[in-house]
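The values are calculated or read from the model by the stated rules, or taken from the named source; none is laboratory data. For clarity, every value in this text was computed on a predicted model and none was experimentally measured. Please note: Cβ atoms are built from the backbone with ideal geometry, for glycine as well, and neighbour counts cover all protein chains shown. Side chains are part of the model used for accessible areas, which takes the heavy atoms of the whole protein and leaves out ligands, DNA and RNA. Shrake-Rupley method; radii C 1.70, N 1.55, O 1.52, S 1.80 Å.
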Amino acid sequence: MTKGQTSQTDSEIGLFDLGDGDSLIGRLTLAGSKTLLSLNSKSHLNLTIASESHILGSLNDLTKVSLIDCISFGTGSRGREGERNYFADVFPHFVVRGNQHLTPSEKAILEVHFVIDDATTLFYDFDAFGSVIDARPLIEQVVAANKIDRDIPIGEHPQVLYFTGKQQIFCADTSIGKVSAYHAPSWNFGGPNGVHIKNTIRVRVEFGDAVEFRSAIDRVYVLRNYLGLLVGRPQKIRDVRLLLKSDPHKPIVLDVHWSFCPTRKKDTSERRPHPGDVLIDAVREPEAFSKVLAEWLVREPTWSDARGRFEAVFEKARNYDIDRLIGSANMFDILPATAVPGDVEIGPELQEAKRIAQRDFKNLPASPERDSVLGVLGRIGKASLKRKVRFRAQSVLDALPESFPDLLWVVDQAVDCRNYFVHGGKPQFDYGQHGDAVWFFADTLEFIFGVSDLIEAGWDIKEWNGRTSVSHPFGRYVRGYSMLLHRLKLASQSPAIVSRAGRGEGPDADVSMNVKPVI
């Protein structure tokens, strides 16, 4: 079984306690989203499981399993020749396995470890492992180091493989615990089949005080989203492990099967990220990496809703539709007040007009139209969506003033386009004929949101901009900005010309336009 998420079905028999003192025989099948516990009993089963409930079990090999966040799929029975058997199916969102049970409410977890699939790209520690080009001057010393009591013949072409022993890649004290990444190599002892060193890069979170299960999983999910942003695509999580409070000489480690483990939709057009394009180099700049991570996590409690919307559109990769544009704009509306401009000061005449209008409309019978007008009146003096996006864009312009000419004009066009698809009215130009412009709007909003967030956390965008290519979506945006800006300006003046180029008929149509539009 692959921890965190299985790639194949793993089915085992055991006894499971439903909390009423009786243990039932059941078959636990670990199969990702099709994970299932099938229970059987000779007596009637009245199984009602709330979503927060858990079931403890022991498999035939004595492995302890804790099924967390269980949902009942109902009960039934079957009979034959006067006998009747009762059964029930339960779906667990998590299955925790090991030598000890874990109830979700107990604060017993000291550390959580997990693996992301692009770890070797994000943490590109090239020099940690290697082989000696000419091992002849060293081979006698290496062979003798094992102190084997027999002669080992040495040939003409010796090979020496090595791991430098530097396990830790970075370590940061953050608001969610001490976060680090480290090498976890494994190796064999040689023989006629050869010798190898295999490595896994793991992420670890150490909690100052023990936490309960959901708190540990929430922190894994937040880090998964952050690390995916840095590497340029959503990350698949696997091999989740929990370290419990225990005798330090006999640590208790539990494996987690996550039925709906975060993953990434397959997209054959998506390039594999390149180490040179990651936003921050944790290997060569561990202090900078740690600082930005810590500052980014400080704001997570107040930014979580908006960042959740960002992650939802970020996961779409190069698949575009109108809902993506709308979502990319709406995330600015739910930013905390500290991240957007304050209220606009309005003069006394406008204040009085607003007061009178609100009074008059409140006196009218309730209707959707009346409530809509009152909503508009209530927003007078509040920062508009355009003002919010412009405010966030300013940090990008301050950092790279020469890279994004007319960015604020593009922002206004993007919000106008979003408003058309939300409220209707008159479009600025024919959006249906110029899908490339609409996708440019979505990319602009996502770029501004993600980049401004990182800049405020201390990210050196100038350093990244000097080395990035186009395997990261932010790099594609930067490198393709001038061309897409040109197309947008043509679209607002002469739609027929731009529509041909937008469909791939222009000489430079392949630049950053490998998208899958869905309308």
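The set of residues from the range 265-280 being open to solvent by 30 Å² or more (accessible area, probe 1.4 Å) and in contact (Cβ under 8 Å) with a residue 60 or more places away in the chain comprises Arg271, Arg272, His274, Pro275. With respect to (1) among the polar types (S, T, N, Q); (2) within 30 Å of Glu446 (Cβ to Cβ); (3) open to solvent by less than 50 Å² (accessible area, probe 1.4 Å), the lone exception for Ser367 is condition (2).
Kindly indicate the residue of the range 371-391 that is open to solvent by 40 Å² or more (accessible area, probe 1.4 Å) and among the small types (Gly, Ala, Ser) and also nearest to Val340 (Cα to Cα) among those meeting that condition. Checked the range 371-391; the qualifying residue nearest to Val340 (Cα to Cα) is Ser384.
Look through the range 315-336, keep the residues that are crowded, with 20+ Cβ neighbours inside 10 Å and modelled with pLDDT under 95, and return whichever of them is farthest from the chain's Cα centre (by Cα). My answer is Tyr320.
Residues that are in contact (Cβ under 8 Å) with a residue 60 or more places away in the chain and not in a helix (DSSP H, G or I) within the range 287-334 comprise Arg299, Glu315, Ala317, Arg318, Asn319, Tyr320, Asp321, listed in sequence order. Which is closer than 28 Å to Lys236 by Cα, in contact with a helix residue (DSSP H, G or I) (Cβ under 6 Å, 6 or more places away or on another chain) and among the small types (Gly, Ala, Ser), of Ser175, Ser180? None of the other options fit; the residue is Ser175. Only residues that are over 30 Å from Asp460 (Cα atoms), without any contact (Cβ under 8 Å) to a residue 24 or more places away in the chain and either assigned to a loop (DSSP other than H, G, I, E, B) or among the hydroxyl-bearing types (Ser, Thr, Tyr) (or both) were counted in the range 360-412, giving 6. Gly165 passes every criterion in (1) small (Gly, Ala, Ser); (2) open to solvent by 30 Å² or more (accessible area, probe 1.4 Å); (3) in a helix (DSSP H, G or I) apart from (3).
Name every residue in the range 439-482 that is part of a loop (DSSP other than H, G, I, E, B), farther than 22 Å from Pro286 by Cβ and of a type outside the set (S, T, N, Q), in order of residue number. Hit for the range 439-482 is Val470, nothing else.
Of all residues in the range 32-50 being modelled with pLDDT of 80 or more, under 11 Å from Pro92 (Cα atoms) and of a type outside the set (Ser, Thr, Tyr), which is surrounded by the fewest Cβ atoms within 10 Å (Cβ to Cβ)? Looking at residues that are modelled with pLDDT of 80 or more, under 11 Å from Pro92 (Cα atoms) and of a type outside the set (Ser, Thr, Tyr), I get Lys34.
Here Ile217 fulfils each of the conditions (1) more than 20 Å from Ile280 (Cα to Cα); (2) in contact with a strand residue (DSSP E or B) (Cβ under 8 Å, 6 or more places away or on another chain); (3) without any contact (Cβ under 8 Å) to a residue 60 or more places away in the chain apart from (3). Taken together, the criteria exclude Leu244 from residues that are in contact with a Leu (Cβ under 6 Å, 6 or more places away or on another chain) and under 22 Å from Phe114 (Cβ atoms). Within the option set Gln394, Gln428, Gln433, being open to solvent by 30 Å² or more (accessible area, probe 1.4 Å), closer than 30 Å to Ala294 by Cα and either of a type outside the set (Ser, Thr, Tyr) or modelled with pLDDT of 95 or more (or both) holds for one residue only, Gln394. For Ile356, indicate whether it is open to solvent by 30 Å² or more (accessible area, probe 1.4 Å) and outside any helix (DSSP H, G or I). In short, no.
Of the residues making up the range 104-137, those that are closer than 22 Å to Pro262 by Cα and either open to solvent by 70 Å² or more (accessible area, probe 1.4 Å) or of a type in the set (Ser, Thr, Tyr) (or both) are Thr120, Thr121.
If the condition is being surrounded by 10 or more Cβ atoms within 10 Å (Cβ to Cβ), part of a helix (DSSP H, G or I) and not aliphatic (A, V, I, L, M), then the range 138-162 contributes only Glu140.
Any residue in the range 51-74 that is buried (at least 16 other Cβ atoms within 10 Å of the Cβ) sitting within a Cβ distance under 7 Å of a residue that is small (Gly, Ala, Ser) and modelled with pLDDT under 90? List the pairs, counting only those 6 or more apart or interchain. Here the result reads Asp69/Ser51; Cys70/Ser53; Ser72/Ala88, each pair linking the range 51-74 to a residue that is small (Gly, Ala, Ser) and modelled with pLDDT under 90.
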